């Protein structure tokens, strides 16, 4: 059988501070929305910015890190794996989401200009 990999690498900006939950006192979960900008030229030759939003999931020690370090506007580079989720809405309809479970994270250092 051939080796297959579920791996994604993204670099972008946090849309808000990390949202953290303690789960049953044994696990910690943090969620962060990540904005990633793509640029292209349209038929008229004008540059267009297209922003894609991704939901990042951090568990336990990585959730502690996210809580302490990730604030709105923080530039992040992450590595993780895609996870498909299904949940039922209040009206009984099914909803599908794709989250990224973060396995590695780095925060870009800010350059200070005088």
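The values are calculated or read from the model by the stated rules, or taken from the named source; none is laboratory data. As the structure is a computational prediction, the values presented were derived from the model and not from experiment. Positions of Cβ are backbone-derived with ideal geometry, glycine not excepted, and every protein chain shown enters the neighbour counts.
Observations
This table checks each residue for (1) more than 27 Å from residue 5 (Cβ to Cβ); (2) modelled with pLDDT of 95 or more; (3) within 10 Å of the chain's Cα centre (by Cα).
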residue: 35; (1), (2), (3): no, yes, yes
residue: 40; (1), (2), (3): yes, no, no
residue: 51; (1), (2), (3): no, yes, no
residue: 59; (1), (2), (3): no, yes, no
residue: 81; (1), (2), (3): no, yes, no
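- Scanning region 35-60 for residues that are closer than 22 Å to residue 22 by Cα and free of Cβ contacts under 8 Å to residues at least 12 places away in the same chain yields nothing.
- Here residue 1 meets each of (1) modelled with pLDDT of 95 or more; (2) farther than 16 Å from residue 102 by Cα with one exception, condition (1).
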